[in-house]
Amino acid sequence: MNDILADKLAIRELVENWVLYRDAGDWERFATVWHPDGWMTATWFQGPATDFIEASRKLFDAGGNILHTLGGWTCDIVGNRAISQVKMTINQRAPLDGVLVDVVCFGRFYDFLEKRDGRWGIVRRQPIYEKDRLDPVLQPGFVPLEFLSLGNGCDRISWFFVILFFKLLFQQSLVFHPLIFLQNDIVRLCFG
């Protein structure tokens, strides 16, 4: 195997390990993907990798539910430096204004790496966020009207989305034949 191919394989493994170690809470092994002067940038954190590892540990221990998946990957290597780019998706479940939501971020991880003493490590990770989603996690068949803000003047969501929501319900009714009724300010869907 030539040196470039071996280096690319090592870098790809390192990028995969970042996700696996972090999401599993394997903090000792997570630290091995970084060089000591590594730097992490994220939506919620900017700073040294050592501080990011500790912040991630605290979030994990508090029940934070953040999962990463990776897609297509490329890497450019010049000497002992490399830039890796990988498609990524970040999934998080958390409460927002009392409503449990799934947040999904789509983008790319740019990793700036160096080979020091024969070992590749991340010097800087810079995510590029391209698109986000926010979806309520609701009990199947139940949508609280307060989430749609119908009772308080639609300050959180426009009528467009309310109409879109009910159009979606109608489309689903063509397949599932639900009965839709209002009870205690909750839209209930009964699939019979």
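The values are calculated or read from the model by the stated rules, or taken from the named source; none is laboratory data. What you are looking at is a predicted structure, and each value in this text was computed from that prediction instead of being measured. Quick reminder, even Gly has a Cβ in these numbers, built from the backbone with ideal geometry, and neighbours come from all protein chains shown.
If you check G47 against the conditions, is it modelled with pLDDT of 95 or more and out of contact with any Phe, Trp or Tyr (no Cβ under 9 Å at 6 or more places or on another chain)?
Details: modelled with pLDDT of 95 or more: yes; out of contact with any Phe, Trp or Tyr (no Cβ under 9 Å at 6 or more places or on another chain): no.
In short, no.
Of all residues in the stretch 4-22, those that are modelled with pLDDT of 95 or more have Cβ atoms under 8 Å from Cβ atoms of residues that are small (G, A, S) and assigned to a helix (DSSP H, G or I), 6 or more apart or on another chain, in R22/S56. On the stretch given as the stretch 15-41, residues that are of a type in the set (D, E, K, R) and in contact with a strand residue (DSSP E or B) (Cβ under 8 Å, 6 or more places away or on another chain) total 4. When the stretch 88-118 is filtered for residues that are more than 12 Å from the chain's Cα centre (by Cα) and charged (D, E, K, R), the ones remaining, listed by number, are D97, D111, E114, K115, R116, D117. Looking at the stretch 131-153, can you tell me whether even one residue there is among the β-branched types (V, I, T), assigned to a strand (DSSP E or B) and modelled with pLDDT of 80 or more? Within the stretch 131-153, none of the residues are among the β-branched types (V, I, T), assigned to a strand (DSSP E or B) and modelled with pLDDT of 80 or more.
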